[in-house]
Structures are given as C-alpha cells and as structure tokens.
Amino acid sequence: MSDARALPAPRAKGLFRDAAVIAAFDLGESLRSRKVLVFMVLYVVGAIGATVIFTEVLQEVEIALAEQLLVARTSDPGSLTQAVMESPELLRVLSRLVRDEALARTLVAEPPIALLYHWVALAFGPIFAVLTSSDTIAAEVSSGSIRFALARTDRAGWLLGKVLGQSLLLVVGLLLGAAGAWVTGWVQLGAFDGPATAAALVGYVGTSFVYVWAHLGLALGVSQLTRSVPWSRALGLLALVSAFGIHRFLERDWVVEAVPVLSGSLRQLFPVAHRLDLWRPGLEASAPALLLLLALGSTYIVLGYLRFARRDA
Amino acid sequence: MSAALELRGVRKRYGKTVALDGLDLRVERGTMLGLVGPNGAGKTTTFGVISGALQPDEGRVDVLGSGPFDPRSQAGALGLLPQDCALNPHSSARQLLTFFGRLQGLGRAEARKDADRLLEAMHLAERAGARVGQLSHGMKRRLAVAQALVGDPQLVLLDEPTGGLDPHLVVDMRELLRAEKRKRTMIVSSHILSDLEQTCDRIAFLEKGRCIREDAIDAMRAATRRVRLRFARSPSDEAREAIERILGPRLRELRGSEATYALEADEPMTETAPRLLAELTAAGVPVLEVGAGGTLEEAYLETRERATHEADG
C-alpha cells in the first residue's frame, strides 16, 4: 500500500516514566473509588477515636495524680502531661506496648499523641493496606482493563506503577490519620505542644509507612497470583493473619527452646518481627529494621511477579 | 519494507482447548484487514498474542518487523481494542484518554490535545468530564475505540468495534474507520460481514485456530462464482417476476436493488453475464451494473464449506 506511513521516530519512554504515569493515574482511580474511601475514612475515624479515648484516659490519670500530689484537680487534660507520662502507671502501659522497659523510659519524653498514633498506625496500618490493595492487581486482570495498559507498557513498568500508586495511597492514609490525631489532641488537650507533636508525627508516619509498606508488599504479591477478586481479597487477609500467627507461633517458648536458631531466623521473614525496633528513637537505631522491612516488602512483590510475568493477562 | 504483522505457525492452548493451531498470517503495511470467524475461531486470542497479553506456546510473532511486540522499544506503535474488557471506571473519559496518551509516549499537553480530538471524533466531547463508570454501554464502546487510536499508532487491532452500538452509531463508526484506514495498518474482527466489506481491503477467515483463507475482498467476491446484478431501483412486482423467471433456480438472493446468480460448475461467466443483461433489459428491468462475484458472506460460507469438506477427507 503506497500510502502507508513510514515508521515514526521512537518516543522517549522509560520504565520509570511509565511507572510514574501509572502511579499518578492509579492514585487518582483509588481515591475516587468508594471502597478505598470507606476504608480510609474508617482508618482516620479509628485514629481520631483512639486519640479521644487516650486523652480521656490521660485525664483520668491526671486527676488521680493530682489527688496524689495534693494539687488542684484538673479539668483540662494535658496540663500535667509530663508528670503523667513519667508516672509508674503510664510507664507500665508503655512498657507493655513496646515490650521493653528501657525503651519505654526513653519514649516518655516523646509527645504522647505522637506515641499513640504510632501505635495506631503500626496496629491498624497493615489491615488498611491489605484491605485497600490486595485486590488491586487481580481486579484489573479480571476486568481486562490491564490489557489497555499492557499494549503500551510492559508488565514490570505496570507493576512498578501500581506499587508506587498504592504506596502513595498509603502515605495519604497515614498522613490523614496523623492529621486527625493532631487535631484531636489540639482540641482535647489543654497543654498541647503542637509543633513538637507535628514533628514527631511526621517521623512516626515515616517509620509506620515502612512497616505498613512491607504488608502492602504482601498484599500486592498475593494479588498477582490470581485473577479472581474475591480470592485475592481472601488470600490477602489470610496472608496477613498467617504472617502474625506464624510469627507468634515461632515466638513460643517451647519452639524457641527446641529450635532456637531456626525459629529466630524464620521470624525475621515476617514484618512484625521488626516492629519493636521502629520505636527506637533516632534513625540509626531503627535503620536496620527499616531496611529489612523494605527488603521484605520488595521480596513479596517480586515473588508474586515471578508468577505474574509468566501468566496470561 | 517488512510487513506490519507476520505470524508463523502460532499455537496457543488453554488447558486442553486449542485456541490457535499453527496460525499463519501476514498483513502488509497500510492494509485494513478484516478477521472473520465463528466464536472460538481464535480471533481474540490472535489479538492477545499480537499485543503481548498472551504468550504463544509455539510459533513466531513479528510486529512491525521487530519481533514480538515490545511496548518499550516500540513505544506508541500499537493500539488495541480488546474484546469484553472494562475501562477503569473511576476516571473521566478525558483523564483516561490522556493517561493512555501519556503511556503511548506523548507529553502531557500533547496527550490532552489528542484526547480532546478523539472525544470530538467519537461524539463524546460533551461527556468528556463524566466518569467512565457513568457512561452508557455505547459510549464506553466508543471510548474504548478512541483509546486504541490515541497517540497515532502504526498498527491498530480492533476486536468487535461495533459490538453493542446503536445502528446510527455503527454507521458513524464505519465512517471513522474508513477515514482512519489510510493512515495506518488496521486489523478488525467482526461478526458483521457487511461492515467489514465496506471498510476493509482484505479479509482473513479463521477456523479452529487456523487461517483458512486470506485475500483481497474483490478477489474473494470474484471467486464465489456468482454474477452480481445491480438495478437502477428496487424492482417492481412485475420486474421481480421477470428477474425470478430469467435467473430461475440459480437466483441466490434478491434484496433491495441487488440480486446474485450462482453459476453452474462449468458455466462460463463471460457468456452468462451478457446473456442475463440482454434478457433482463429486454424484459424491461433497469439493470445498472453486472459484475462478477457475490457477497463476502457467500465467499465466507463457500470457504467454510470447502474447508470442512477438505478436513473430512
């Protein structure tokens, strides 16, 4: 055919450019979806609710402490915060949370709302990640919408874009939760150190993100194994529960006594094994755990990709 | 210059089902090829293999002379309308086309401009800001066709582009495909042979995962051993009687202002065509044109019959 076009010049297009384009689109699609919005609202409401309960507990402890110290009862929670934080009761609660008394003693200097939010993010962030992301790849394969994209980019670029998009979604969720906790603290506490709490929250959002990201890796790894949306959701939740369950099993005294090296090594494969280290103040202290969590999340994604790269889309 | 597409001995199985059974197909650049076959003939699988969504079990795939399609090194070269695939529902029509344009390698402004051009061409400009999930089935189909043309790809694969469209939109779509056909190589699958007949240059018949015939439409029609008669207007009852009498039992079809006459096995076209013209004119039937060949539908049915006959032995 004489009027067929000559080949146009190849367009500049690399893996990371495609991934960035897909990530931006994926984030937009996710934020407009009802499912993600519901889970995000639940997460933020949960963070706010936990902060409200915490400030009320704080007030109760303050009242008790004021009575012990023979000072006037306070109706303004937070005015005796430092005293409360250093009280044996709170220290005991904190020690139980981080399972390390020495670490608890260093944490009492941190803004209490930031500490609470860190706990909320580490406890509920993985569930948020799995609920929002475990079907994200399976849904596109199942509906066939992936085929529109795979005519334009390869699977590695597409997956990298999805990982980035879901990671950004996670950042949005964690930041909104932190903002909710900060505003609640500001409203509820009389002596609320806003700038110090905000700075501490930003740091804790960073460490929680890495911990939750390892679970996001688990969810995205599982989502690549099946094209069925219900199955991918079920597998995501199963993987999350199994990760905690197996780790808890490996921690049992009789298992540790029977196979100390094996149980210790196997525990490292689960993100929860590195949670405690994320409480340590200072980046140098938590850096090894952060790196291990990033490696674990990446490994889960790559393991899923080994299947995804070979299957029909 | 190499062909736009060449498939050699391509096989693809889904478990025990053979979808492609040594498919050979060559499409020259600038051609608009119609792909015809019954359900399960392998049309959709062929598109999947060409676009890289499906991995062939055997055989050679050469897209635009560069081997199997690689969306990175052949960025922007392929446009695909897959069958029964849902577009991402939460973005607007414009956002979706812009996203696909970006993945084709276009810059942001360029992609946006191309999206608006295609929305206009598909009569979707008024709904450009509406979420894809809120569009009607016909609108989604037009949007899906539009995305295949984003970024001016050299090779476009359209699987059932008119499926589910209202009749007046089918006409619009046919016009659009006609306008696009000289700009690029296009492969279109459809069950509506009259659509293909009006838009395509060549046709390939697929049967049980093999190409049983591929030729120019005119050549296919001519090879049907039919004489095609076109009248100046729809025949009156009197003229209809005359036509039926003169053409006798060899009259295959009399529809609107056209009729077809099936030649006997040894009946020469060069004698029969002038004879029919003379007899019909003498009977007062206003014959406008006498030509060799039947419809594409007849060519298809004859080819299938012959293929079945050969397969039976």
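The values are calculated or read from the model by the stated rules, or taken from the named source; none is laboratory data. A quick note: this is a predicted structure, and the numbers were derived from the prediction, not measured. Here Cβ is always computed from backbone atoms with ideal geometry, including for glycine, and neighbour counts include all displayed protein chains. For accessibility, only protein heavy atoms count, side chains too; no ligands or nucleic acids. Shrake-Rupley method; radii C 1.70, N 1.55, O 1.52, S 1.80 Å.
Observations on the structure shown:
- Net charge, B:ALA121 excluded, C-beta distance under 11 Å - Lys, Arg +1, Asp, Glu -1: -4
- Förster radius 25 Å - calculated FRET efficiency between A:LEU262 and A:LEU238, Cβ distance, rounded to 0.05: 0.60
- Reciprocal of mean inverse Cα separation for the range B:193-235 (Kirkwood radius, Å): 12.3
- Share of carbon and sulfur in the accessible heavy-atom surface of the range B:67-182 [1.4 Å probe, %]: 50
- Dimensionless Rg over Rh [the range B:76-139; C-alpha; Kirkwood]: 0.95
- Solvent-accessible area lost on pairing B with A (1.4 Å probe, both sides summed) amounts to about 4000 Å².
- Proportion of all alpha-carbon pairs of the range A:179-277 beyond 24 Å (%): 48
- Heavy-atom accessible area ranking, 1.4 Å probe, most first, across A:ARG99, B:ARG184, B:ARG304: A:ARG99, B:ARG304, B:ARG184
- Computed over the protein assembly as shown, the range of Cα coordinates on each principal axis works out to 126, 55, 42 Å, biggest value leading.
- Legend: Rg and Dmax of the range B:163-281, from Cα coordinates, 17.7, 48 Å.
- Net dipole in debye of chain B [+1 Lys, Arg Cβ; -1 Asp, Glu Cβ; about Cα centre; nearest 20]: 1300
- Count of Lys pairs (Cα-Cα under 15 Å; at least 8 positions apart or interchain) in chain B: 4
- Global geometry of the range B:22-121, whether rounded, prolate or oblate, following the gyration tensor of its Cα atoms and the 1.5 cut on a/c: prolate
- Accessible area of B:GLU197 in the full protein assembly, 1.4 Å probe (Å², nearest 10): 40
- Where labels lie 7 Å past Cα in the beta-carbon direction, separation of B:LYS208 and A:LEU176 in nm: 5.7
- Assuming charge only on the beta carbon of Lys and Arg (+1) and of Asp and Glu (-1), the dipole of the range A:168-313 about its Cα centre is about 600 debye to the nearest 20.
- Applying 0.36 nm per residue to the separation of A:GLU89 and A:VAL255 and subtracting their alpha-carbon distance, the gain on full extension is 56.5 nm.
- On the beta carbon distance between B:ARG72 and A:ALA102, with R0 = 35 Å, the FRET formula returns roughly 0.10.
- Solvent-accessible surface (1.4 Å probe) assigned to B:SER66 amounts to roughly 70 Å².
- The alpha carbon convex hull volume per residue for chain B rounds to 160 Å³.
- For B:ALA222, net neighbour charge (Lys/Arg +1, Asp/Glu -1) across residues whose Cβ lies under 11 Å away: +2
- Seen through its C-alpha gyration tensor, with square-root eigenvalues sorted a ≥ b ≥ c, the range A:229-275 comes out prolate because a/c lies at 1.5 or above while a/b is bigger than b/c.
- Cα-Cα P(r), the range A:247-313, percent of pairs per 5 Å interval: 3, 16, 18, 16, 17, 14, 8, 5, 2, 0
- Per residue value of the accessible surface for the protein assembly as shown (all protein chains in place, 1.4 Å probe), Å²: 45
- Placing +1 on each Lys and Arg Cβ and -1 on each Asp and Glu Cβ, with no other charges, gives chain A a dipole about its Cα centre of roughly 1660 debye.
- Ranking of B:TYR261, B:TYR14 by solvent-accessible surface, largest first: B:TYR14, B:TYR261 (1.4 Å probe, protein heavy atoms only, all chains present).
- Net charge over other residues, Cβ less than 9 angstrom from the Cβ of B:THR44 (K, R count +1; D, E count -1): -2
- Each residue of the range B:300-306 is assigned a 3J(HN,Hα), and the resulting list reads 5, 5, 4, 5, 4, 4, 5 Hz, derived from the Karplus form 6.51 cos²θ - 1.76 cosθ + 1.60 (θ = phi - 60°), x at Gly and Pro.
- Spacing of the two label points (7 Å from each Cα toward its C-beta) at A:ALA199 and B:VAL290, in nm: 10.0
- Alpha carbon centroid spacing (whole Å) that separates the range B:47-88 from the range A:224-301: 38
- Computed accessible area, A:PHE244, all protein chains, 1.4 angstrom probe, square angstrom: 70
- Calculated log₁₀ intensity ratio I(q)/I(0) where the Debye formula runs over C-alpha points of chain A, q = 0.07, 0.09, 0.16 Å⁻¹: -0.35, -0.54, -1.28
- Rough spin-label spacing in nm, given labels placed 7 Å along Cα→Cβ, for B:ALA125 and A:TRP186: 4.6
- Under the Debye formula (equal points on every Cα, no solvent term), log10 I(q)/I(0) of the range A:21-62 at q = 0.14, 0.29, 0.30 Å⁻¹: -0.50, -0.89, -0.91
- The mean count of C-beta atoms from other chains within 10 Å of the C-beta of residues in B:84-92, rounded to a whole number, is 6.
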